[in-house]
Structure formats: C-alpha cells, structure tokens
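Chemist: I'd like to ask some things about the structure below.
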Amino acid sequence: LQDDRVFYNGQPIGIVVADTLEHARAAVPLVRTSYATTHAELDMATGPKAPPENVHPTGDEPRATTRGDIDAGLRDAAVRVDHTYTTPFETHNPMEPHNTVAVWEGSKLTLYDSTQGVFGVRSTVARTFSMQPEDVRVLSPFTGGGFGSKGGAWSHVMLAAMAARQTGRPVKLVLTRRQMFGPVGGRPRTVQHVTLGATSDGQLTAIRHTSTSNSSMLEDWLEPSALQTRMLYTSPNAVTDHAIVRLNVGSPTFMRAPGESTGTYALESAMDELAVALDMDPVALRLRNYAEHDPQSGKPWSSKSLRECYQIATERFGWSKRNPMPRSMRDGRMLVGWGMATATYPARTLASSTSATILPDGNAWVRAGTQEIGCGTYTIMTQIAADALGLPPERVRFELGDTDMPPAPVSAGSMTAASAGTSVYKSALAARQKVIRMAIADAQSPLHGASEADVRVENGRMSLASSPSRGETYSALITRNGGTPIEARVDSTPGPEQKEYSMHSFGAILTEVHVDPDVGEIRVPRIVTAHAVGRVLNSRTLQSQIIGGVVWGIGMALLEETLIDPHMGRYVNSDLAEYQVPVNADIGTIDATLVDEHDAYVNPIGVKGGGEIGITGAAASLANAVYHATGKRVRDLPITLDKILG
Ligand code: MOS
C-alpha cells in the first residue's frame, strides 16, 4: 500500500479480491509476507508523548484551561481527595460490521457504505483519490449501528474503491468481527488524575482534572475526558489538561460520548469520594456546588434543569431511605449498594440543509443527507416535517443517506435531531409558505387576497382561521396551477445564540447493585435516571436512546475491555465470545424519565439531542454503588470480581 511499515497488529497490508467470497478467502494464505520485528510501544507509562500542540479536542475547546489559583484553592481546602482513575481500551461492536460496495462508472465512483456521515466519506475519498467531490456519490439508507466507529472513512473504504478500480468490477468488502478490532477505531485507554478540595461544608475550592489517553503511531486522536470538568460544578479554582501517549495500536476514535463517558467516570467517582470524606450526602454535595451559569466561560446556560433531574430521580429511586454507611444495607445475603452520578453532554447544532417538496397529489417529499444509525431519524424527521407542513405523517416521505441530497452533518455528537431537525423544520415551513402565497395570489383560489397570517393548514387543507369554510387543499391548488411540485430548499446555519449561551444537556443516574460478599459477583437490579435534553420530539425513540446509553454504561462499568497482549500488541479478545457486552440477563429495570425542558436559544426546534448523555455518569454511578455496597473503591474499569475480592 503506501509503504512497507506496519504500525499495529491487524493493520491492513493488502486486499485479496475474487469473484466469490470463498475464492477470496482461499487465496489469502497464498499471499506470502515476511516481517522484520521492531519494538512495540504498548505501555501508557513509558510510551512516547505527542507534542502538546498536537493535542486538541474536536471543536473549539482548548487542550487545557486554568481559572483562579489552584494552589490557593487546595491550600484553603479543609478536605481533599486526590486519585487516579483508569479506563481500558474498548471496541465498538455494532451488529452490522463495517462494509462498503464500490462501483466505478468511468471516472465516477459510487459507494454504498455503512456510515454515520455520507458527506464526510465523500470528501475523504475524493481527497484520497484526487477527485472532485461531485464525482463521488455515497449512499447509506440504513446504518446498523455505528456509535462513533462509522464516523469517518477508514481504510476498508479506500481499499474497496482501489480494488474496484483495479478489477474494473464492483467490489463488496465486509469486515469480519475480528477485523473490527484495530482498523476501525475504539475507545482509547485513559489515565485520569482528579484532585478536589472543599471547605468542611462541601463548597469546592479546587478542581483539577488531567487526562492522558493513548493514540496510535498514525495520528494524534484525543479522548477529551476533562471537558465536562470545566463546566459541571462551580469552583473559583479549576485546572484541566489533556495529553496523548502514542502506542502501536489502531487509531482510537469517537465512541459514544467520547470524553464524557470516561471523564464522568473519573470526576463523578471523585465527587463520591469527596462526599464520603465530608460525611455528606452525594446529591447534597452536588447541589452545594450547582453551577447557575457556565463557570468556565461565564456564559448563561441556554437552559438547565439539573435540579429537577436530581429531584425526580431521587424521588423515584427512594434515595432518602439510603443509609450512607458502606456495607450497611442487605437483601438476604447480598450486599446492597446505592450510588449516584451526574450526567452531562454538550448540545450541538451544526449547519444543515433540506429540501421539502409539496407534490400535486398533496403529499410531501423531504430530503436531507443525514443518516439513520438506529436512533429513529426517519421517524422524527417525518414528524417534524408533517407537523410544519400541516400533513399527517403518512403523507410525508422523508429520505436520507445520499450525497445527491442537500448536505447534513455527520450523525454523531448527539446533533442529528438538533441539526437536521432544524433544516427539515425550516424547509417544511418554507414550502408551506410558498404554497400559501401561491393560493393568496391565485384569483381562482378561495384564499385569494387573504392575509398570510390568517391561513392555517390541517390535513393538507389550507383555510382561514377567521373563516374555516374558506379554503382548499394543497393538491387542488397545485393541480389547478399546472401540477408543478413546489420545492423549498433551506440551508440552515446556527444563530448567534450559539456564542452567547452555554448549551448542555444534564441528567442524574441512580444505581442499585447487589454484590455477592463471597464471590464478588455484581448484579444491577435497577437504575433510575432523569434527563433534560430540551424538547422531546418522540418519547419512544428518545427513551430508547437513553436506555441504550445506560446499558452501555453497565457494560463499561462491569464488562468491557479490549485486551492487548503487552509484548506483541495482538488483540486477544477480538470476538463477541470474549469481548463481553451486557446481554438481556444482565439488565434489570431501567426507569428513564425525560424531564420536559423548554429551551428558547439552543435552536428553533428547542432540541438538545439525546444519543450520548445516557452513558455519561453511568459507570461512576455504578462504581459508587459498588463502594456503598462493599466499602471497596474501584478506580480501574471494568469492575471485575477480582477487584472486589482482592
Ligand atoms: Mo458519536 S461517538 O459522536 O458517533
């Protein structure tokens, strides 16, 4: 390929193509390879560090922040906690593996790709092959899970396109489960050092959070685990920083709540340790340090309903019955532990485009180049468009996942509902307005000469609010005027509010664990959550996202770890038999409340997005419950039996 160096075990060194999968597989062992062995850097403690200027979170957050005087804050503290928390390599395991079909027609390339971002794949492929973006078309009508691993175009996409060009035939390339450990991302290891100082009544005087994560020898990708620590609690003195260690492993990438999932484990564990040290209720400690505005930027929140989240979740859980003493609560012979943590995730809205067309039959056709990665995007976009157009949802056809459509952002960062939702909403309103203006201008329309503000649309029929019998359908009007579909395209860009307000979602997650005192087995009979993520477009799809995130949090806390042989860097457990994820039998009751929240600033539809916040705080809540049950503080995920008994 590019050169003859191999940077990690599992790195693609070639591709075998044949007319059947069996032929291709049979040919693989015929390829002769020889390697010269070199030293592999696999240790976080001794691996080379990336230069600080290469270390930056995605977006415009800086690598490091300082406010106040951290040394003075620690000196003034009556109580301090100071610990290191570590999280392991993890690997996304979407049920649908990464796969691409590449088809060349002359100089034009079409890719059918399982991706979270058709436009991102197009621009990366065009750059790699020195093509114009217009000559690459990417389609992805459904993606069978991505969770960040399908956020970009990995090497298999390029290999499929290269092979198709070489053979002059379409090529289909599907990664095996084993091939998904290494070449297509994963969550890096983190080593996080958190220091907290507080007065004896629980007011934070100092917060310090420094995080080191690994990247690869190929790129400096950062897991930004200290970002939430800048804004979650009020403290006059706070320091955050990030570093990267380069290891001989596959490049890590975004994995559900990249940064916040691992970062809240460290911060919210440390907050629990502080509550213990202060002999203070952990919810009371968080309320004592509640940030009424963003403590780092000084900006007001666009909205924040965290108090309500704490209140609803603690009530539904029955938190007031908690005996704070570790090992004090039992169910039969099982030790019972109750723990809690705060959840948070940024609310992002990016530029997005949509076209909405009202057809002569009165149905609508709405298109945006967003993606359906399993969150319910088809459903909610149809709902938004139908609502704005005054049509029942079954009369709206919403299409996505094609670079021939108006561009929308990558489906990541919990921003699809907010971003594509906004352009869908605006384009539907614009199409409706066009048709209404056409009716007002049409001498043959019952609405001729009416005031625009007086016209409403219900079930595809425009009528006057002041005189409901005066009206006609979209279909009647468009048909009478020659039957040309009425199209409105909107390129929506985020407003100035994005810079004026600090925009985040918040929640609370409370966990009950039962721990077997003899063998250390941990069960999770129930979790209670309350999240406020702006307007709820569809409680069923949103609740499903939250529950999915919480389930993954249980996996992160108890099961997940990609094991890498420390000498050769081989991925040891690269299949679903050995890479453990929760199954139904691991999951008890998850009581997920969506707190109704009005946000006038975040975007015109008031949506913050709920794809990722569910996993944030989850591992800490569980670890804190394990401490309460057993008196054992586990600062190294996953919390396996040996760490309980050891
Ligand atoms: Mo998500 S990890 O931002 O795809």
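The values are calculated or read from the model by the stated rules, or taken from the named source; none is laboratory data. Worth saying up front: this structure is predicted, and the values here are computed from it rather than measured. Cβ sites come from the backbone with ideal geometry, for glycine too, and all protein chains shown count toward neighbours. Ligands, DNA and RNA are excluded from the accessible area calculation, which covers all protein heavy atoms including side chains. Shrake-Rupley method; radii C 1.70, N 1.55, O 1.52, S 1.80 Å.
Chemist: Sort 116-125, 461-470, 560-569 by the packing proxy (mean of other Cβ within 10 Å over each peptide's residues), most packed first. Before the final figure, lay out the partial values.
Modeler: On the way: 116-125: 23.1, 461-470: 14.5, 560-569: 16.6.
Highest mean packing first, the order is 116-125, 560-569, 461-470.
Chemist: Moving on. Amide H to amide H under 5 Å from residue 535: which residues, 5+ apart in sequence or cross-chain, H placed 1.01 Å off N in plane?
Modeler: 599, 607, 608
Chemist: Moving on. Per residue of segment 557-563, what does 6.51 cos²θ - 1.76 cosθ + 1.60 with θ = phi - 60° give for ³J(HN,Hα)? Whole Hz please, x for Gly and Pro, Karplus curve as stated.
Modeler: These are the phi-based 3J(HN,Hα) values: 6, 10, 10, 7, 6, 7, 8 Hz.
Chemist: Additional query: Could the peptides 528-540, 5-17 be put in order, highest first, of the mean number of other beta-carbon atoms found within 10 Å of their residues? Don't skip to the end; give the middle numbers.
Modeler: Numbers: 528-540: 22.7, 5-17: 15.9.
Packing proxy ranking, top to bottom: 528-540, 5-17.
Chemist: In terms of modelled amide H atoms, which long-range or inter-chain residues lie less than 5 Å from the amide H of residue 329?
Modeler: 336
Chemist: Oh, and also: Is it possible to state the helix-based mean residue ellipticity at 222 nm for the chain, with each DSSP H run of 4+ residues giving -39500 (n - 2.57), the sum divided by total residues, to the nearest 500 deg cm²/dmol? What is it?
Modeler: -8000 deg cm²/dmol
Chemist: Sticking to Cα atoms, compute the Rg of segment 291-361 to one decimal and its Dmax as the biggest Cα-Cα distance, whole number, in Å.
Modeler: When restricted to Cα atoms, segment 291-361 yields Rg and Dmax of 22.1, 70 Å.
Chemist: Now for a different question. At a 1.4 Å probe, what is the % contribution of carbon and sulfur to the accessible area of segment 427-527? Walk me through the numbers before you get to the answer.
Modeler: Numbers: 2240 of 4590 Å².
Carbon with sulfur: 49 percent of the solvent-accessible area.
Chemist: Then there's this: Just going by the charge dipole of segment 505-639, with Lys and Arg at +1 and Asp and Glu at -1 on Cβ, which of 515, 602, 530 is farthest out on the positive end?
Modeler: Checking the options against the dipole of segment 505-639, the answer is 602.
Chemist: How much space per residue, in cubic angstrom, does the convex hull of the C-alpha atoms of the chain take up? Don't skip to the end; give the middle numbers.
Modeler: Details: hull volume 113.9 nm³, N = 646.
Hull volume over Cα atoms, normalised by residue count, gives 176 Å³.
Chemist: Starting from the Cα gyration tensor of segment 1-140, take the square roots of the eigenvalues, sort them a ≥ b ≥ c, and report rounded, prolate or oblate (rounded when a/c is under 1.5, otherwise prolate if a/b is larger than b/c, else oblate). Before the final figure, lay out each step's value.
Modeler: Working: a/c = 2.68, a/b = 1.77, b/c = 1.52.
It comes out prolate by the Cα gyration axes.
Chemist: May I pose another question? To the nearest 20 debye, what charge dipole does the chain have about its Cα centre, counting +1 at the Cβ of each Lys and Arg and -1 at the Cβ of each Asp and Glu?
Modeler: On the way: 59 positive and 68 negative charges, 119 e Å.
Roughly 580 debye for the chain.
Chemist: Also, I was wondering about something else. Which value, in debye to the nearest 20, describes the size of the charge dipole of segment 530-605 about its Cα centre when Lys and Arg Cβ atoms bear +1, Asp and Glu Cβ atoms bear -1, and nothing else is charged? Provide the component values of the computation, followed by the final result.
Modeler: On the way: 3 positive and 10 negative charges, 45 e Å.
It works out to roughly 220 debye.
Chemist: Mind listing the long-range amide H neighbours of residue 372? Cut-off is under 5 Å, sequence gap 5 or more, other chains count too, H placed in the peptide plane at 1.01 Å from N.
Modeler: It is 143, by chain and number.
Chemist: Got a sec? What order do 608, 321, 49 fall in by accessible area at 1.4 Å, biggest, i.e. largest, first? Each step should come with its number before you reach the end.
Modeler: On the way: 608 0, 321 150, 49 130 Å².
Most to least solvent-accessible, the answer reads 321, 49, 608.
Chemist: Let me have the relative contact order for segment 26-123, percent, based on Cα pairs under 8 Å that are six or more residues apart.
Modeler: Values: 28 pairs, mean separation 9.8, N = 98.
Dividing the mean separation by the residue count of segment 26-123 yields 10 percent.
Chemist: Mind checking Rg over Rh on segment 133-242, alpha carbons, Kirkwood formula for Rh? All intermediate terms of the calculation are to be shown ahead of the outcome.
Modeler: Details: Rg = 21.6 Å, Rh = 18.1 Å.
We get a ratio of 1.19 for segment 133-242.
Chemist: Sticking with this structure for a sec: Short version: ³J(HN,Hα) in whole Hz for each residue of segment 100-111, in order, from phi by Karplus 6.51 cos²θ - 1.76 cosθ + 1.60 (θ = phi - 60°), x for Gly and Pro, what are they?
Modeler: With coefficients 6.51, -1.76 and 1.60, one gets 9, 10, 10, 10, 9, 10, x, 8, 9, 10, 10, 10 Hz.
Chemist: Also, quick follow-up: Quantify, in whole percent, the carbon and sulfur part of the accessible surface of segment 2-50 (1.4 Å probe; protein heavy atoms only). Each step should come with its number before you reach the end.
Modeler: Working: 2070 of 3950 Å².
Carbon and sulfur: 52 percent of the exposed surface of segment 2-50.
Chemist: Lysine pairs in the chain with alpha-carbon atoms under 25 Å apart, 8 or more places apart or on different chains: how many are there?
Modeler: Final tally of qualifying lysine pairs is 14.
Chemist: For segment 548-625, give the percent of accessible area contributed by carbon and sulfur heavy atoms, probe 1.4 Å, rounded to a whole number.
Modeler: On the way: 1510 of 2810 Å².
Solvent-exposed carbon and sulfur of segment 548-625 make up 54 percent of the total.
Chemist: Another one. Within segment 278-343, which GluC sites (Glu not before Pro) sit in a loop by DSSP and count at most 15 neighbouring Cβ atoms inside 10 Å?
Modeler: On the way: sites: 292, 308, 315; in loops: 292.
Answer by residue number: 292.
Chemist: What's the FRET efficiency of residue 328 with residue 199 using the Cβ-Cβ distance as r and R₀ = 35 Å, to the nearest 0.05?
Modeler: 0.85
Chemist: Working from the pairwise distances between different alpha carbons, so that the mean of 1/r is found and then inverted, what is segment 419-468's Kirkwood radius in Å? Walk me through the intermediate numbers first.
Modeler: Details: mean 1/r = 0.0868 Å⁻¹.
One decimal place: 11.5 Å for the Kirkwood radius.
Chemist: Any idea which of 176, 192, 204 is furthest toward the positive side of the dipole for segment 115-225, if Lys and Arg beta-carbons carry +1 and Asp and Glu beta-carbons -1?
Modeler: 176
Chemist: I would also like to ask the following. Under a 1.4 Å probe, what is the accessible area of the chain per residue, stated in Å²? Mind dumping the intermediate values first?
Modeler: Details: 26520 Å² over 646 residues.
For the chain, the per-residue accessible area is 41 Å².
Chemist: Each residue of segment 432-446 in turn: what ³J(HN,Hα) in whole Hz from Karplus with 6.51, -1.76, 1.60 and θ = phi - 60°, glycine and Pro shown as x?
Modeler: 4, 5, 4, 5, 4, 5, 5, 5, 4, 7, 8, 4, 8, 8, x
Chemist: When the dipole is taken about the Cα centre of segment 9-91, and only Lys, Arg (+1) and Asp, Glu (-1) are charged at their Cβ, what size is it in debye, to the nearest 20?
Modeler: Numbers: 7 positive and 12 negative charges, 49 e Å.
Using Cβ point charges on Lys, Arg, Asp and Glu, segment 9-91 gives about 240 debye.
Chemist: Can you tell which of 125, 216, 112 lies farthest toward the positive end of the dipole of segment 111-225, using +1 and -1 charges on the Cβ of basic and acidic side chains (Lys, Arg; Asp, Glu)?
Modeler: 112
Chemist: Continuing with the same structure: Distance from a point 7 Å along Cα→Cβ of residue 58 to each backbone N in segment 517-549: keep the residues under 14 Å and list them by number.
Modeler: The answer is none.
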